[in-house]
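Colleague: Quick one: the structure is below, and I'll ask about it shortly.
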Amino acid sequence: MGNQVELKQGAAAQAQTQAQTQKQMQTRSRARFNIRWTPILFLLPSIIVFFVFKYYLILDAVYISLFNYDIVSPPGKFVGLGNYFEFLKSETFWVAMKNTFIFFLLSVAIVFWVPIVQALFLSQVKRFNGFYRVLYQIPGVLPVVAGVLLWKWMYNPDRGLFNYLLAKIGLGPYGWLNDLHMTKFAIVLPGFFTGGGIGVLLYYAAIKSISAELFEAAKIDGCGPWHRMKIIILPNIKFVILIQFVGFMSGVLLSFDNIFVMTQGGPADASLVVALMIQRTAFVQSRFGISAALSFFMFIVIAVLTVLQFRLQREDD
Amino acid sequence: MKSHRIIEKGERKLAVTSYAVTVVFIILGILPLVWMLLTSMMDNESIDATTPKFLPDIPRTIAITLDYSGQQDQNEEFYRKDAMKATWFPWMANMRENIGEIKVTGVKDGHELYNSKTTAAEFYVGQPFIVPTQVFNDNVMKAKLPRIKESGLSKFTYYGQGNKAEIEKASTLSDQPLGKQFQAFFSERKLLDGKVTSLVQSRNWLRLFDSYRSLNILASEAAVSFGFYHYFFNSLLICVIVIAWQLTFGAMASYALSQLLRSKKTKFVVLMYFLATIMIPGVSVLIPQYLLMQKLNLVDNLWAVILPHFAWGFVIFLFKGFFDQLPKELLQAARVDGASELRTFLRIVIPMSVPVFTIVAVMTFIPVWNDFLWPYVVTKSHHNWTFTVAMNDMQGGRNPRANWISAGGVVSMIPLLLVFLGTQGAIEKGINFTGIKG
């Protein structure tokens, strides 16, 4: 008997759950058939512009890169991977690659560490800290093109400020931008003066987020202030540095404006980089196919770096 | 007062070093900007000199009075020519001097006949085609007169014979070096019909800012409606439209992505759809983008500069990071109360999201304002240029002048400076909550 009761109860419960699931099914199917328009309307404009200005364009770049592109009667003759082989075989490409690599090394040596050092010491400054943070932002406010033109004038071998000042201490005159061996250094140097800008704030925020107890504990253990910087701050912002480094790398690889305005790639291609080569092959030499092939190559390099950066970021979180 | 804190060993040394390093870096950063500001107020000869000057010198004003008493009556053009000869020729001969303006007053029988004024801004813009060489004679000026008039390079007001009240006859001849040089020039060359009765030298600090005016006149020469500031206006317009789009549609898309989509799978796919585009650098789509604009008939149109900025994965990334942290209960409550999604978004989400809107606005403003390559490629005619394109053009122009470039630089940093000073706090907060790391 007891079993029967149990069974009855069980059946009732079953019926109840059945009704529930049915209800759920109903609402679910309603959700399935009544399309919720709001999210779609919210998303649609962005989805369209992203499609047109990103996906369509990058696919078009690939398409163009397969042709000996003729701008008058597109797309011209199909050459397959010919454009890729052509730029890989050309000497200019390897010069540009070499230059890009040297630019990268120079930028790491001259520019990359600046915001880190600035933030490290700024975090030890107690008085007027906010004021210094504002001042650090000011050089970054000057648009790149304007800054480059200013520096270009200061570099002028005959009339520039630098050669005048250096002559005072018995150095020079230097050719700066006109000098094959100096031009890359001269292009990178302004970055040292400009400093970190927002980068300083970023590292600063990372340093400030290190817990105070860690410092106290180290203090009690007799770890001096200089040593603390080395063994507590640096390891704790290591990840931020790494992420910034990857971003910095793609920034340097893509740098165009400063080099173009300073030297247009000269003298004798001494400052020619891949981004400049893309612009030059397309809009000076009208070889759109090869330029598109170079563009796609550049995309692959940057894509790898970006994925790496995001991976690191996720690991950091 | 004595401090009761125990000072740790090495603490003071570190503090001193920290202040020193900070101050040195700030000085290094600001020094080029100070140099830019100073050179924008200097004449080019002081900047280019073998021993450059470091501080601006207030430019000199030369006021010349020419007397035509006892001469036959002549027409306006005759006097205009005489005034221009008295202005442009001696200025060209003394171009190395820091001259700010030259005023010429014509007098006949005690009545003011005309007066003319030319400032450094106009002189340096006009110099390459009005007085390109040191050849000074009547015919040269005769040929150049229409050009001066047409471009409005010298202000000339003609009063006519005896229309003005009688003025006192002053005859002071300056004995300062520049004044003497002018007098010598006039007496040697004998170019003028009027007699130089007075030549006064003074200084006018307003002329320190003539480079800024030069920029404007220079661009008006290139047939742009309101001068160099037209280019800044273009850049600003582009920024405003792009920011408006991002704050509206960027925010809406991110909000939908973060709060409205229910299926996790759809969410992920849409998110990746947006974020993956961060991998596509602008230079990689330069050519197809140009060809697309050609197809859309937008080459040499401001919209060609604006549109590509609408698709920006980074903005979605910033917004979504913020919207993910919105309290779900609050949004749920609004829905229960029967508010539509749009209403919830407008009335509840937006007021709560002012910080992220500020950050996105700033983060959009900086690169769009700085943008150079794409506007350089896609704009052709002057009236569509952004200021970056215009400044790059200026350095390659006929006579690139250091003080003009500096003046352009100073003006170009004002908008960003204001934005930064206005939003410093928001940016610092934003760095904490959005976790910008690149």
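Derivation of every value follows stated rules applied to the coordinates shown; laboratory data play no part. Predicted, not measured: the structure shown is a model, and the values here were computed from it. All Cβ positions, glycine included, derive from the backbone under ideal geometry; neighbour counts span all protein chains shown.
Colleague: How large is ³J(HN,Hα) for each residue in segment A:268-273, as worked out from phi by the Karplus curve 6.51 cos²θ - 1.76 cosθ + 1.60 (θ = phi - 60°), to whole Hz, x for Gly and Pro?
Modeller: Karplus values, whole Hz, x for Gly and Pro: 6, 6, 5, 10, 6, 10.
Colleague: Let me ask you something else. Helix hunt in chain A: which complete DSSP H runs extend at least 27 Å axially by C-alpha with mean Kyte-Doolittle at least -1.0? Write down the numbers at each step before the final one.
Modeller: Details: long enough: A:2-33 (46 Å, -1.25); A:234-254 (29 Å, 1.79); A:288-316 (41 Å, 1.27).
Length and hydropathy pass: A:234-254, A:288-316.
Colleague: How are the Cα pair distances of chain B distributed, in percent, across 10 Å bins from 0?
Modeller: Reading upward from the zero bin: 4, 16, 19, 17, 15, 12, 9, 6, 2, 0.
Colleague: Most mobile of A:63, A:55, A:174 per a Gaussian network model of chain A (Cα springs, under 10 Å)?
Modeller: Answer for the Gaussian network model of chain A: A:55.
Colleague: A follow-up question, please. Calculate how many DSSP beta bridges within segment B:60-209 are antiparallel, expressed in % of all such bridges and rounded to the nearest 5.
Modeller: Antiparallel: roughly 70 percent of the beta bridges in segment B:60-209.
Colleague: Something else: Mind giving me the nanometre distance, one decimal, between the label points for residue B:295 and residue B:73, set 7 Å out from Cα along Cα→Cβ?
Modeller: Going from the residue B:295 label point to the residue B:73 one covers 7.3 nm.
Colleague: Additional query: Can you run phi through the Karplus equation (6.51, -1.76, 1.60; θ = phi - 60°) for segment B:120-133 and list ³J(HN,Hα) in whole Hz, with x for Gly and Pro?
Modeller: In residue order, the calculated couplings are 4, 3, 6, 4, 6, 6, x, 3, x, 10, 7, 10, x, 10 Hz.
Colleague: Using the count of nearby Cβ atoms within 10 Å as a rough guide to exposure, how do A:227, A:181 rank from fewest to most?
Modeller: Working: A:227 12, A:181 8.
Least crowded to most crowded, the residues run A:181, A:227.
Colleague: Further question on the same structure: Just the C-alpha atoms of segment B:167-307: what Rg/Rh do they give, with Rh taken as the Kirkwood radius?
Modeller: Rg divided by Rh gives 1.37.
Colleague: While we're here: Would you mind telling me the antiparallel percentage of the DSSP bridges in the protein assembly as shown, rounded to 5? Mind showing how you got there, number by number?
Modeller: Numbers: 23 of 32 bridges.
Bridges in the protein assembly as shown that DSSP calls antiparallel: roughly 70 percent.
Colleague: Just the number, please: Stokes-Einstein D of segment B:60-209 in µm²/s, Kirkwood Rh from C-alpha pairs, 20 °C, 1.002 mPa s.
Modeller: For these conditions, the coefficient is 139 µm²/s.
Colleague: Now, a different point. Take the Cα atoms of segment B:222-434, find their three principal axes, and give me the spread along each one in whole Å, biggest first.
Modeller: 68, 40, 28
Colleague: Counting DSSP beta bridges in chain B, what percent are antiparallel, to the nearest 5?
Modeller: 70
Colleague: In Å, what Rg and Dmax follow from the Cα atoms of segment A:177-251?
Modeller: 17.5, 57
Colleague: Calculate the spin-label point distance for residue B:202 paired with residue B:414, positioning each point 7 Å from the Cα along the beta-carbon direction, and give it in nanometres.
Modeller: About 2.7 nm, to one decimal.
Colleague: What do you get for the angle between helix B:177-189 and the principal long axis of chain B? Use alpha-carbon atoms, 0 to 90 degrees, nearest ten.
Modeller: Tilt relative to chain B: about 50 degrees.
Colleague: When you look at the Cβ of every residue in B:14-25, what mean number of other chain Cβ atoms sits within 10 Å?
Modeller: 6
Colleague: Okay, moving on. About the Cα centre of segment A:82-316, what is the dipole size in debye to 20, counting +1 per Lys and Arg Cβ and -1 per Asp and Glu Cβ, all else neutral?
Modeller: Rounded to the nearest 20 debye, it is 400 debye.
Colleague: Can you tell me which of B:301, B:75, B:204 moves the most in a GNM of chain B? Springs connect C-alpha atoms under 10 Å apart.
Modeller: B:75
Colleague: Shifting gears a bit: What's the average, rounded to a whole number, of partner chain beta-carbon atoms within 10 Å of each residue's beta-carbon in A:58-64?
Modeller: Mean shielding by partner chains, rounded to a whole number: 4.
Colleague: Measuring from label point to label point, each 7 Å out along Cα→Cβ, what is the residue B:424 to residue A:264 span in nm?
Modeller: 4.1
Colleague: Here's another thing I want to ask about it. For segment A:47-101, report the translational diffusion coefficient in µm²/s to the nearest whole number, using Stokes-Einstein at 10 °C, 1.306 mPa s, and a Kirkwood Rh over Cα pairs.
Modeller: Working: Rh = 13.0 Å.
Value of D from the Cα-based Kirkwood radius: 122 µm²/s.
Colleague: Within segment A:223-251, find all residues whose amide N lies under 20 Å from a label point positioned 7 Å from the Cα of residue A:304 along Cα-to-beta-carbon.
Modeller: Within reach of a label on residue A:304, which here means backbone N under 20 Å from a point 7 Å along Cα→Cβ, segment A:223-251 contributes A:242-251.
Colleague: What average number of partner chain Cβ atoms lie no more than 10 Å from the Cβ of the residues making up B:304-312?
Modeller: 4
Colleague: Taking 56 Å as R0, compute the FRET efficiency from the Cβ-Cβ separation of residue B:328 and residue A:126 and round it to 0.05.
Modeller: Values: r = 40 Å, r/R0 = 0.71.
Efficiency, from the Cβ-Cβ distance: 0.90.
Colleague: Where the convex hull is taken over the Cα atoms of the protein assembly as shown, what is its projected area averaged over directions, in nm²?
Modeller: 52.6
Colleague: Quick check: convex hull over the Cα atoms of segment A:238-317, volume per residue in Å³, rounded to an integer?
Modeller: Cα convex hull per residue, to the nearest whole number: 91 Å³.
Colleague: Still on this structure, I have one more. Helix B:229-245 sits at what angle to the longest principal axis of chain B, using alpha carbons and giving 0 to 90 degrees rounded to 10?
Modeller: Value to nearest ten degrees: 10.
Colleague: Which Cα, out of B:52, B:104, B:10, lies furthest along the positive dipole direction of segment B:1-128 (beta carbon charges, K/R +1, D/E -1)?
Modeller: The residue sitting farthest along the positive end of the dipole is B:10.
Colleague: Then there's this: Mind pulling the angle between the C-alpha long axis of helix B:402-434 and the longest principal axis of chain B? Nearest 10 degrees, somewhere in 0 to 90.
Modeller: 20
Colleague: Can you tell which of A:271, A:211, A:291 shows the greatest fluctuation in a Gaussian network model of chain A with Cα springs below 10 Å?
Modeller: Among A:271, A:211, A:291, the largest GNM mean-square fluctuation belongs to A:211.
Colleague: Roughly speaking, what is the stretch gain from residue A:101 to residue A:192, that is 0.36 nm per residue apart minus the C-alpha to C-alpha distance, in nm to one decimal?
Modeller: Contour length minus Cα-Cα distance gives 30.9 nm.
Colleague: So, one more: Quick one: grab the alpha carbon gyration tensor of chain A, order the square roots of its eigenvalues as a ≥ b ≥ c, and give me rounded if a/c is under 1.5, else prolate or oblate depending on whether a/b is larger than b/c.
Modeller: oblate
Colleague: Give, in nm to one decimal, the length gained when the segment between residue A:185 and residue A:92 is fully stretched (0.36 nm per residue of separation minus the Cα-Cα distance).
Modeller: 31.4 nm
Colleague: Once you have the Cα-Cα distance between residue B:142 and residue B:161, take 0.36 nm times their residue separation minus that, and quote the gain in nm to one decimal.
Modeller: Result for the pair: 4.6 nm of gain on full extension.
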